[in-house]
Amino acid sequence: MSFDRRITPVRADLADEKLRGQVEAERFTTGTVKRVIATFSPLHRHPSREAPVDTQAIFGESVTVYDEHEGWAWVQLQDDGYVGYLPSVVLGDPGPKATHKVAAIRTFIYPGPNLKLPHIDLLTMNSKVAIIGTEGDYAKMADGGWLYAPHLASIDARETDYVSVAERFLHTPYLWGGKTSLGIDCSGLAQTVLNAAGIKAPRDSDMQERELGTVIEVKPDLSGLKRGDLVFWKGHVGLMMDATNFIHATGHSMTVMIEPLSVAEERIRRTSYGPISSIKRFG
């Protein structure tokens, strides 16, 4: 059988117990659940910092650890199923259940409930946190440290307009495999903002094109589009802001940028991505 290596936890020597009878491996394991305790960490294709990065794991994300060796953990991210290697140091015990998530594109962790204190670290959008108390405008994390409470939302909260969330990332640097406000790629932007709106989205643009929304007609003059439509090429994705303008993370400017779809389409069509492959709509 053929499996997508990005989301299938199988190696020649080891595989997920759920795959027993479907794949060949020397042994099988159910793995151990851990939690990302770093702000974010690249998920590498191989256990090396020089290996290609497929995505990032962010704070509070649960992972299944199948193997650890020489400072590297072979894991599967529980949110989108991506498989790869994380430094073992970025993982900790599951801890208490998350009560909130970060709703701002990023926020700082302070040692106390005071903005004048030197910050300890930062968290990025959709990071999951357990809050155990509040003082004024600040919320205390079970992990230690304080967050500005208005930057948080209930773990079950849903943004009503995911395009407005994308707009907050305007001018964010482009980063292959990134999905934070410090660096993000095209499908990372789409996944991040859709997840903020409660729409479970896979990680890569080909998966998103296959699994999200309903196909609508691509007219020659690109008319008939509306806010929230997802525009796909083979290897690229962006979001319509209105009938004509488009927001995406692009290597063209190495940023998240807004431009007329017609301009982007003409330029992208001449690259290896080719013409628009589909436009998808929710609802």
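Yes or no, residue by residue, for (1) surrounded by 13 or more Cβ atoms within 10 Å (Cβ to Cβ); (2) within 15 Å of the chain's Cα centre (by Cα); (3) not charged (D, E, K, R):
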| position | (1), (2), (3) |
| --- | --- |
| ASN195 | yes, yes, yes |
| ARG203 | yes, yes, no |
| ARG210 | no, no, no |
| SER223 | no, no, yes |
| GLY238 | yes, yes, yes |
| GLU259 | yes, no, no |
| ALA264 | yes, no, yes |
| LYS280 | yes, no, no |
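Here the condition is being surrounded by fewer than 20 Cβ atoms within 10 Å (Cβ to Cβ) and touching a residue at least 24 places away in the same chain (Cβ under 8 Å); of LEU122, LEU91, LEU86, it holds for LEU122 alone. Set side by side, the residues GLY95, GLY81 differ, and just one is of a type outside the set (D, E, K, R) and closer than 19 Å to TRP176 by Cα, which is GLY81. I want to confirm something. Restricting to the range 16-34 and keeping residues that are in contact with a Leu (Cβ under 7 Å, 6 or more places away or on another chain) and in contact (Cβ under 8 Å) with a residue 24 or more places away in the chain, which single residue is surrounded by the most Cβ atoms within 10 Å (Cβ to Cβ)? Among them, the one singled out is LYS34.
Put simply, of THR29, THR64 the only residue that is touching a helix residue (DSSP H, G or I) at 6+ places or on another chain (Cβ under 9 Å) and of a type in the set (S, T, N, Q) is THR29.
As for the range 257-277, it holds at least one residue that is closer than 20 Å to SER181 by Cβ and touching a residue at least 60 places away in the same chain (Cβ under 8 Å). Listed conditions (1) within 20 Å of ASP204 (Cβ to Cβ); (2) crowded, with 20+ Cβ neighbours inside 10 Å; (3) over 15 Å from the mean Cα position of the chain (by Cα) are all met by ALA73, apart from (1). Figure legend. Inter-residue proximity from the range 169-195: first residues touching a residue at least 60 places away in the same chain (Cβ under 8 Å) and under 22 Å from GLU211 (Cβ atoms), second residues of a type in the set (Phe, Trp, Tyr) and in a loop (DSSP other than H, G, I, E, B), beta-carbon distance below 7 Å, spacing 6+ or different chains. Indicated pairs: ILE184/PHE169; ASP185/TRP176; LEU189/PHE169.
Among the residues of the range 135-144, at least one is in contact with a helix residue (DSSP H, G or I) (Cβ under 6 Å, 6 or more places away or on another chain) and surrounded by fewer than 16 Cβ atoms within 10 Å (Cβ to Cβ). Restricting ARG20, ARG45, ARG27 to those that are touching a Pro at 6+ places or on another chain (Cβ under 7 Å), basic (Lys, Arg) and under 26 Å from ASP4 (Cβ atoms) reduces the list to ARG45.
Does the range 171-187 contain any residue that is surrounded by 20 or more Cβ atoms within 10 Å (Cβ to Cβ), within 15 Å of LYS280 (Cβ to Cβ) and either more than 13 Å from the chain's Cα centre (by Cα) or in the same structural domain as ILE258 (by TED's automatic domain parsing) (or both)? Within the range 171-187, one or more residues are surrounded by 20 or more Cβ atoms within 10 Å (Cβ to Cβ), within 15 Å of LYS280 (Cβ to Cβ) and either more than 13 Å from the chain's Cα centre (by Cα) or in the same structural domain as ILE258 (by TED's automatic domain parsing) (or both).
The values are calculated or read from the model by the stated rules, or taken from the named source; none is laboratory data. Only a predicted model underlies this, so the values are computations on that prediction, with no experimental measurement involved. Glycine also receives a Cβ, built like all others from the backbone with ideal geometry; neighbour counts cover every protein chain displayed.
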